[in-house]
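Following: one structure in structure tokens, then a few remarks.
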Amino acid sequence: MDFEYSDKVKALQEKLSRFMDEHVYPNEHRYHEETTAENRWQPRAIVEELKSKAKAAGLWNLFLPESDYGAGLTNLEYAPLCEIMGRVHWAPEVFNCSAPDTGNMEVLVRYGTAEHKKRWLEPLLDGKIRSAFAMTEPAVASSDATNIQSSIVRDGDHYVVNGRKWWTSGAPDPRCKIMIFMGKTAPNNPNKYLQQSMILVPMDAAGVKIVRWLPVFGYDDAPHGHAEVDFVNVRVPASNILLGEGRGFEIAQGRLGPGRIHHCMRMIGQAERALEKMCKRVKSRVAFGKPVAEQTVTLERIAEARIMIEQSRLLTLKAAYMMDKVGNKVARAEIAMIKVAAPNMLCKIVDWAIQAHGAGGVSDDFGLAKAYAGARTLRLADGPDEVHRNQIGRIELKKYN
């Protein structure tokens, strides 16, 4: 396994890092200043300005592997770029590389018809609209996706969609125009993995109602946000079904594999940023007669943080390498491992960084409280730790049959 970055990737890393230095980090304060009670659910002007610069710099849609639409990077090639973008929570949108749009665009590239691509994929690729993914439901334990109860029923040339979803990320955004909705077309199929389908539901379809936006540890993540959405007798053309009835789980696995790589590499970028803040803070503070940086507990935490980051990065790169070489199914253990390892790593490192900042760490002044909220949330998003650990354990036990 060779993780040496190619010349192409090194050039993109340098270009992307320079863009972050020149345009993103200096504008972090502006992003927060633009977020007021009056306009918080509107796009940030700074992000829209930087999108134009990113396009002009050729740093756009880097996430799409083996595609005519993107940069043509493999998962392994994109991973280190994703890490750089992940250092600032809103930066991926600047490069049109933010969730859930990345996963939704990948679904449309792989499984969409020519009509789907023309109507939805092209404006998404151009950054003109945004999208949402409606899967999790409040009435069932969604850690087991076969529990989904929402229905998709054929009625002539249409499907009728009913159900209630929540944690539909991106739905409150005024730019969100399309959702990928997962529900059951064949609830009585004896194979529980062939009961579900995915279908495209426009946000403006009759019967779609945003019930409320959902805060995450008190953060509303505006203007992106997360919503509870009600679907009542929503009629959409039969042509909106993706890949065909009963193919929902198949699509989900194709979508979630790369998405987990992206999440984990962004978390590694956040961990690097948290460690940087921690190191700078402890070098600038004196307690009990000597710099905090010289306290043994501080040195131990810094060392452990570096070890944990390197371990997570190498494991994530291995998962990306295997996805490229042997596919998501064969790499499922490695994908599950990084989805457990990376959020727990980030939670611990951000926690230490908060401790190093004292009371300031729990404020909004250093971005650590927000980072911790996101890290803790990612122990649930895309499947909770327990589900992934169970999968890893079963795969391990099979070696001894």
Review point. Which of H262, H226, H116 moves the most in a Gaussian network model of the chain with Cα springs under 10 Å?
Key: H116
Study note, to complete from the structure: For segment 288-380 the mean separation of alpha carbon contacts under 8 Å (6+ apart) over residue count, i.e. relative contact order in percent, is 22
Review point. How big is the charge dipole of segment 7-112 about its Cα centre, in debye rounded to the nearest 20, if each Lys and Arg gets +1 on its Cβ and each Asp and Glu gets -1 on its Cβ?
Key: 100
Review point. Charges only on Cβ, +1 for Lys and Arg, -1 for Asp and Glu: so what's the dipole of segment 178-231 about the Cα centre, in debye to the nearest 20?
Key: 300
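Quick one: putting +1 on the C-beta of Lys and Arg, -1 on the C-beta of Asp and Glu, what dipole do you get for the chain around its Cα centre, in Debye to the nearest 20?
So the dipole magnitude of the chain works out to roughly 520 debye.
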Practice item. Would you calculate a helix-derived [θ] at 222 nm for the chain, using -39,500 (n - 2.57) for each DSSP H run of n ≥ 4 and dividing by the full residue count, to the nearest 500? Key: -14500 deg cm²/dmol
Review point. So for segment 1-95, Kirkwood radius off the Cα pairs, Stokes-Einstein at 10 °C and 1.306 mPa s: how many µm² s⁻¹?
Key: 111
Check your understanding: Among E115, E49, E93, which comes first, then next, by fewest other beta-carbon atoms within 10 Å?
Key -> E115, E49, E93
Practice item. Could you give the C-alpha radius of gyration of the chain expressed as a fraction of 2.2 N^0.38 Å, taking N as the number of residues it contains? Key: 1.00
Revision key, fill the gap. Descending packing, highest mean Cβ count within 10 Å first, for 285-292, 142-149, 254-261, 58-65 is 254-261, 58-65, 142-149, 285-292
Check your understanding: Between segment 81-113 and segment 182-224, what is the C-alpha centre distance in whole Å?
Key -> 19
Practice item. Positive end of the charge dipole of the chain (Lys, Arg +1 and Asp, Glu -1 on Cβ, about the Cα centre): tell me which of T298, I84, P100 has its Cα farthest that way. Key: T298
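Read-outs: derived from the displayed coordinates by stated rules, not from any lab. None of these values were measured; they are calculated from a predicted model. Cβ coordinates were reconstructed from backbone atoms using ideal geometry, including for glycine residues, and neighbour counts include every protein chain displayed.
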